[in-house]
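Colleague: A single structure is presented below for examination.
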Amino acid sequence: MDKRVKNTTKALKRALFDMLEQMPLSKITVTSLCKQAGVNRVTFYHHFTDVYDMISQIELSYVEELRDYNTKFTQNGKVNFLYIVRFVRKYSDFYKIVFTNNIPTKLLDEMYAELKKEYCTAFGKKDIEQTKLDYMYTFTESGVSSILKKWVRGGMAESEDYIADLISEIFISMHSHI
């Protein structure tokens, strides 16, 4: 990627994240975003169709990193919650926006799809009916999401290890009777 394009994209991204701390995404206009970033609107439209497209493209750049996700997601057949927590911290600016504005995200969807595969593989062997397994997974996904949201919204004061261990401990104790 050309250095000017990188700098422009970086300035727009920073401006968008800064603005999202002050107002919801629905209130941000291309004009106000470009003014904040010091970027011409024509330049913005050369890269994005609107602010929603910009959020989507930012997310897609993060999703690319998830292509490597399967190898890091499990260790010895167990879910590697520390990897998930580190991934969230790495992109904490993005997740802060997503969690604060309740923006649906493909990134979390992909992460949870991988979690569901592992979950169903592990617990599907225990002769649990599929409907029950689906509800159990939904409950687990919501719990993991809620812990991550609380952690990010709270400024990530606790260590990554603490959060990963907490999720793992809850996960194990919740499923130990199965």
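The values are calculated or read from the model by the stated rules, or taken from the named source; none is laboratory data. Just so it is clear, the structure is predicted and the values come from calculations on it, not from any experiment. Don't worry about glycine lacking a Cβ; one is built from the backbone with ideal geometry, like all the others, and counts go over all protein chains shown. Quick note on the areas: whole protein, heavy atoms, side chains included, nothing else; ligands and nucleic acids left out. Shrake-Rupley method; radii C 1.70, N 1.55, O 1.52, S 1.80 Å.
Colleague: Pop the C-beta distance of THR100 and GLU169 into the FRET formula with R0 = 35 Å and round what comes out to the nearest 0.05.
Modeller: Values: r = 27 Å, r/R0 = 0.77.
Efficiency, from the Cβ-Cβ distance: 0.85.
Colleague: Between their Cα atoms, which of LYS10/LYS150; LYS117/LYS150; LYS13/LYS149; LYS27/LYS96; LYS3/LYS35; LYS27/LYS117 are more than 29 Å away from each other?
Modeller: Those over the limit are LYS27/LYS117.
Colleague: Further question: As a test question: what accessible area, to the nearest 10 Å², does THR138 have when a 1.4 Å probe is rolled over all protein chains in place?
Modeller: Roughly 80 Å² of THR138 is accessible to a 1.4 Å probe.
Colleague: Hey, another quick one. Within the chain, which is the longest segment containing none of the trypsin sites (Lys or Arg not before Pro) that sit in a DSSP loop and have at most 12 other Cβ atoms within 10 Å?
Modeller: Longest site-free region, per DSSP loop and neighbour criteria: 1-124.
Colleague: Now for a different question. Cα centroids of segment 79-94 and segment 1-59: how far apart, whole angstrom?
Modeller: Spelled out, the Cα-based centre of one part sits 24 Å from the other.
Colleague: Let me ask another. How large is the charge dipole for the chain, taken about the Cα centre, if only the Cβ atoms of Lys, Arg (+1) and Asp, Glu (-1) carry charge, to the nearest 20 debye?
Modeller: Approximately 600 debye in magnitude.
Colleague: Keeping every protein chain present and rolling a 1.4 Å probe, give me the accessible area per residue for the chain in Å². Walk me through the numbers on the way to the answer.
Modeller: Details: 10570 Å² over 178 residues.
I get 59 Å² per residue for the chain.
Colleague: Have a look at MET23, MET156, MET54 and tell me which one the Gaussian network model of the chain (Cα, springs below 10 Å) gives the largest fluctuation.
Modeller: MET23
Colleague: Next question, about the same structure. Please state the charge dipole magnitude for segment 134-178, taken about the Cα centre, from unit charges on C-beta atoms (+1 on K and R, -1 on D and E), reported in debye and rounded to the nearest 20.
Modeller: Result for segment 134-178 is approximately 240 debye, rounded to the nearest 20.
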